[in-house]
1. When ligands, DNA and RNA are left out and all protein chains stay put, how many square angstrom of accessible area per residue does segment 20-160 have with a 1.4 Å probe?
2. How would the chain be classified by its alpha-carbon gyration tensor: rounded, prolate or oblate, with rounded meaning a/c under 1.5 and the a/b versus b/c comparison settling the rest?
3. Using the Cα centre of the chain as origin and beta-carbon charges of +1 (Lys, Arg) and -1 (Asp, Glu), tell me which of Ser108, Thr53, Val92 is placed farthest towards the positive end of the dipole.
4. Sort out for me the Cα centre separation of segment 1-61 from segment 137-160, rounded to whole Å.
5. Would you mind counting up the charge near Arg136? Only other residues with Cβ under 10 Å from its Cβ, with Lys and Arg at +1 and Asp and Glu at -1.
6. Using a 1.4 Å probe on the protein chains only, how many percent of the accessible area of the chain belongs to carbon and sulfur?
7. R0 = 35 Å: FRET efficiency of Ser48 with Asn69, Cβ-based, nearest 0.05?
8. Give, in nm to one decimal, the length gained when the segment between His145 and Thr40 is fully stretched (0.36 nm per residue of separation minus the Cα-Cα distance).
Amino acid sequence: MYIKMTEGEDEKMTNRWQKDADGILIFTGLFSAALAAFLTVSVQDLKSNPQDTTVFYLANIYQLLADPNISHTSILATPVQPPAFYPPKSAVLVNSLWFLSLVISLTSALLATMLQQWARRYLTITQPPRYSPHRRASIRAFFVHGVEKFHLPWSVETLP
């Protein structure tokens, strides 16, 4: 009788955890896909635009060709470099937040997957058919004590 009651209780608990994990996995998958789309666009703000360098050199060439008073020997003596590129602080901040969100989302997906595996393993270990009812009860009591000791239900509820 005890075994049948605990099996039903364990089934309900692990089913609830697995359904929570399924919801988290679906959400994190969709969220990560949308986040990746934003990242591919916004990461371009962190790189220098090659067209800016081309425009800089073309403007210098135009100035040299347009001014007849400049001697060609002074042109070679002064190398001209394009200005250094520094990404805007707002772009760095926004991209940092996008990447942080992606890391948190992928971590949540990993934790949800681990929760699903743990729930399946919990059922497999606590309900072995080859042991006597007394042995099964002591195995289950050991695992239930561990679940309570490590506050696993609370951890499952707080999983983002």
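1. Details: 10350 Å² over 141 residues.
So segment 20-160 comes to 73 Å² accessible per residue, rounded to a whole number.
2. Numbers: a/c = 6.11, a/b = 5.30, b/c = 1.15.
Taking the square roots of the gyration eigenvalues as a ≥ b ≥ c, the chain is prolate.
3. The residue sitting farthest along the positive end of the dipole is Ser108.
4. Segment 1-61 and segment 137-160 have Cα centres separated by 28 Å.
5. Values: positive: Arg130, Arg135, Arg140; negative: Glu7.
So the surrounding residues net to +2.
6. On the way: 7980 of 11790 Å².
Looking at the chain in its full context, I get 68 percent from C and S.
7. Working: r = 33 Å, r/R0 = 0.93.
Between Ser48 and Asn69 the formula returns 0.60.
8. Details: separation 105, 0.36 × 105 = 37.80 nm, distance 4.68 nm.
Length gained between His145 and Thr40: 33.1 nm.
The values are calculated or read from the model by the stated rules, or taken from the named source; none is laboratory data. From a predicted model like this one, the values you see are computed outputs, not experimental measurements. For neighbour counting, all protein chains shown are included, and Cβ atoms are generated from backbone atoms with ideal geometry for every residue, glycine included. With ligands, DNA and RNA removed, areas are computed over all heavy atoms of the protein, side chains included. Shrake-Rupley method; radii C 1.70, N 1.55, O 1.52, S 1.80 Å.
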